[in-house]
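Notes follow the structure.
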Amino acid sequence: MQPLRSLEMWPLRIPLKVAFKHASASRAVTDSIWVEAADGSGVTGYGEACPRTYVTREDSESCLRFFSRWRDDLLRQIRSPLDLEQWGQAHRQEIDLAPAAWCAIELSILDLAARTVGTSIEALLRLPELTADFQYTAILGDQDDASFTSQLERYLHWGFPSFKVKLSRDPARNQAKMA
């Protein structure tokens, strides 16, 4: 891996076709962060994470503050996956307060390192390659009854075998959805 030439983070906000709601939040656009790490040869690695105040106490702005604080240090110090691991160990306390921010940064640098040698991140880290078939879970938000039923029918038509149902603060609504 060549030295990092650039490391950039920004909020990733993509409009949703339908607003998504549950008891802890409601959103009409995605709320992720995106990181790009590039080296001098023109190779770029990508990382993304989803900060959630109700999960990790992070939001896009706190991720950007973490990134701003450590960006230059990362650009100076990271030359290999081993450097990245050592940096992470040395800054464990700071990372524990910003896990989504670190996730996106770390993923972008690992992706860059893997792309540089033309391999997967698993191979780069000497981990078993992913070989299994993946089963996705459909997510049903807390929407009105007609929208909920329509979305459920689409998921069933597409063959989804399992569902994650987002609850509201109303037990009666939740029971009706489960029925």
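We did not get these values from a lab; they are worked out from the coordinates using the rules stated. Quick caveat, the model's predicted, so the values are computed rather than measured. Here the Cβ positions follow ideal geometry from the backbone for every residue, glycine too, while neighbour counts run over all protein chains shown.
For the pair Ala23 and Leu97, a Förster radius of 22 Å applied to the C-beta separation gives a FRET efficiency near 0.30, rounded to the nearest 0.05. Under 5 Å from the amide H of Ala49 lie the amide H atoms of Ile33, each residue being 5 or more positions distant or on a separate chain, with H modelled from the backbone and absent for Pro and chain starts.
For a footprinting-style exposure proxy, rank His22, His91 by other Cβ within 10 Å, fewest first. Walk me through the numbers before you get to the answer.
On the way: His22 19, His91 15.
The most exposed by this proxy come first: His91, His22.
Here, the chain is characterised by an Rg to Rh ratio of 1.06, where Rg is the alpha-carbon radius of gyration and Rh the Kirkwood radius. Per-residue 3J(HN,Hα) values for the stretch 5-20, derived from phi via the Karplus relation 6.51 cos²θ - 1.76 cosθ + 1.60 with θ = phi - 60°, read 8, 8, 8, 10, 10, 8, x, 10, 10, 10, x, 8, 5, 9, 4, 10 Hz in sequence order (x marks Gly and Pro).
Ranking Phe160, Ser150, Ala176 by how far each Cα lies toward the positive end of the dipole of the stretch 138-178 (charges on Cβ) leaves Phe160 at the top. Here the residues Ile121, Ile105, Ile14, ranked from fewest to most Cβ neighbours within 10 Å of their Cβ, fall in the order Ile14, Ile121, Ile105.
Over the chain, what is the mean sequence separation of C-alpha contacts under 8 Å (at least six apart), divided by residue count, expressed as relative contact order in percent? Present the calculation step by step, with values, prior to reporting the outcome.
On the way: 270 pairs, mean separation 40.8, N = 179.
RCO, the chain: 23 percent.
Taking θ as phi - 60° and the Karplus parameters 6.51, -1.76 and 1.60, the scalar couplings of the stretch 134-145 work out to 9, 10, 8, 9, 6, 10, 10, x, 8, 10, 4, 4 Hz in sequence order, x denoting glycine and proline. What is the log10 of I(q)/I(0) for the stretch 61-128, computed with the Debye formula using one identical point scatterer on each Cα and no solvent, at q = 0.18, 0.28, 0.29 Å⁻¹? Result of the Debye calculation: -0.69, -1.32, -1.37. The phi-based Karplus calculation (6.51 cos²θ - 1.76 cosθ + 1.60; θ = phi - 60°) puts the 3J(HN,Hα) values of the stretch 98-115 at 9, x, 5, 4, 5, 3, 5, 5, 4, 4, 5, 6, 5, 4, 4, 4, 5, 5 Hz, whole numbers, x for Gly and Pro.
Listing Ser108, Ser6 from the residue with the fewest other Cβ atoms within 10 Å to the one with the most, what is the order? Walk me through the numbers before you get to the answer.
Working: Ser108 25, Ser6 12.
Ascending Cβ contact count within 10 Å gives the list Ser6, Ser108.
Per-residue ellipticity at 222 nm, computed for the chain from helices alone with -39500 (n - 2.57) per DSSP H run of at least four residues, works out to -13000 deg cm²/dmol.
Here, the stretch 138-178 is characterised by an Rg to Rh ratio of 0.96, where Rg is the alpha-carbon radius of gyration and Rh the Kirkwood radius.
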